[in-house]
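Enquirer: Take a look at the following structure, please.
The values are calculated or read from the model by the stated rules, or taken from the named source; none is laboratory data. Note that the structure is a prediction, hence the values are computed from the model and not measured. Positions of Cβ are generated from backbone atoms using ideal geometry, with glycine treated the same way; all protein chains shown enter the neighbour counts. Quick note on the areas: whole protein, heavy atoms, side chains included, nothing else; ligands and nucleic acids left out. Shrake-Rupley method; radii C 1.70, N 1.55, O 1.52, S 1.80 Å.
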Amino acid sequence: QVQLVESGGGLVQPGGSLKLSCAASSSLFNIARMGWYRGKERELVATITRDDSTNYADSAKGRFAIFRDNAKNTVYLQMSNLKPEDTAVYYCNAQRIGIDYWGGGTLVTVSS
């Protein structure tokens, strides 16, 4: 089983930046893919595989970056040029041996 804990959400003005963190209870080398999703529909934001292959939603391309620190078992989402429509609860996801694991989410609010 993999436990995930997100942090880094908060209130930011339009055009601002935030960095979300997702700490995993397992070594990232044991997890095939990790990613960030948002909202009730769990809309894809970005994913990163064990071999560092990344994928982004069109809305995230050029503004968000997903990266990992294997030594800390942590995946990050660096978000820049944030827009009000980016407001959502952001969830961390891990896929391991065909099973999806989810964190509890962290709220990002983009508002002036």
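Enquirer: Which of the residues belonging to region 89-112 are hydrophobic (A, V, I, L, M, F, W, C) and closer than 11 Å to Arg42 by Cα?
Expert: Of all residues in region 89-112, those hydrophobic (A, V, I, L, M, F, W, C) come to 89, 92, 94, 97, 99, 102, 107-108, 110.
Result: Val89, Cys92, Trp102.
Enquirer: Can you pull out every residue in region 39-59 that is in a loop (DSSP other than H, G, I, E, B), small (Gly, Ala, Ser) and under 16 Å from Gly103 (Cα atoms)?
Expert: The one that is in a loop (DSSP other than H, G, I, E, B), small (Gly, Ala, Ser) and under 16 Å from Gly103 (Cα atoms): Gly39.
Enquirer: Arg50 is checked against (1) touching a helix residue (DSSP H, G or I) at 6+ places or on another chain (Cβ under 7 Å); (2) open to solvent by less than 20 Å² (accessible area, probe 1.4 Å) and fails just one. What number does that condition carry?
Expert: Exception for Arg50: condition (2).
Enquirer: Kindly indicate the residue of region 18-34 that is open to solvent by 30 Å² or more (accessible area, probe 1.4 Å) and of a type in the set (Gly, Ala, Ser) and also nearest to the chain's Cα centre (by Cα) among those meeting that condition.
Expert: So the residue we want is Ala23.
Enquirer: Quick check: is even one residue across region 60-76 assigned to a loop (DSSP other than H, G, I, E, B), loosely packed, with under 12 Cβ neighbours inside 10 Å, free of Cβ contacts under 8 Å to residues at least 12 places away in the same chain and not small (Gly, Ala, Ser)?
Expert: Looking for residues that are assigned to a loop (DSSP other than H, G, I, E, B), loosely packed, with under 12 Cβ neighbours inside 10 Å, free of Cβ contacts under 8 Å to residues at least 12 places away in the same chain and not small (Gly, Ala, Ser), one finds at least one in region 60-76, hence yes.
Enquirer: So, one more: Taking region 1-17 as the search range and keeping residues that are open to solvent by less than 30 Å² (accessible area, probe 1.4 Å) and under 12 Å from the mean Cα position of the chain (by Cα), which one is nearest to Tyr101 (Cα to Cα)?
Expert: Residue satisfying both the conditions and the ranking: Leu4.
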